[in-house]
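Everything on this sheet refers to the single structure shown next.
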């Protein structure tokens, strides 16, 4: 998509934004299921299949682990990352070590390979987004990702569409000009 913006210029991006507004409006409503775009809200039935069963309800809910324990935010702060399997094994070498899921996790840790987690939320390539900027301004993980600490299986509960983001920015009196979320120079 960035290539398309570069080839066609900012006017193309503006036209795409207008089409998005025309299709979805600024109501904050989710598009009908037949038209759910990449960032639209889904249901638990649409949860991506993960390589290892993981319960946020146990870790973030019952155990009260902070999001940043498993999702560090390295410089420059745009992305939240996921700790390597070896970090999980600090506890799981003793806790539930005989579980088939933990045995799979242990194999990733032994091999030094990253667990190929399936993304639940993704930001399109034409959007400039910084988790750190949002966190520093007081936003919580739950505002965009929903009640993660209550979920055994994660799915995209809240839309991350342009409509949803603009609606939130308007409600919080944050900037809404195009250049705040889109690189118009490319």
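Ordering 154, 136 from the fewest to the most neighbouring beta carbons within 10 Å gives 136, 154. Going from the residue with the fewest nearby Cβ atoms within 10 Å to the one with the most, 111, 55 rank 111, 55. Counting neighbouring Cβ atoms within 10 Å and putting the fewest first, the residues 163, 176 line up as 176, 163. If I take all pairs of Cα atoms in the range 75-186, what percentage of them are more than 16 Å from each other? I get 70 percent for the Cα pairs in the range 75-186 exceeding 16 Å.
Label-to-label distance, residue 94 versus residue 143, with points set 7 angstrom from Cα along the beta-carbon direction: 3.9 nm.
If R0 is taken as 45 Å, the Cβ-Cβ distance between residue 130 and residue 63 corresponds to a FRET efficiency of 0.95. Here's the picture: a label point sits 7 Å out from the Cα of residue 87 along the beta-carbon direction, and within the range 98-122 the residues with their amide nitrogen under 20 Å of it are 102-122.
Coordinate-derived values only; no laboratory data. All values derive from a computational prediction rather than experimental measurement. Here Cβ is always computed from backbone atoms with ideal geometry, including for glycine, and neighbour counts include all displayed protein chains.
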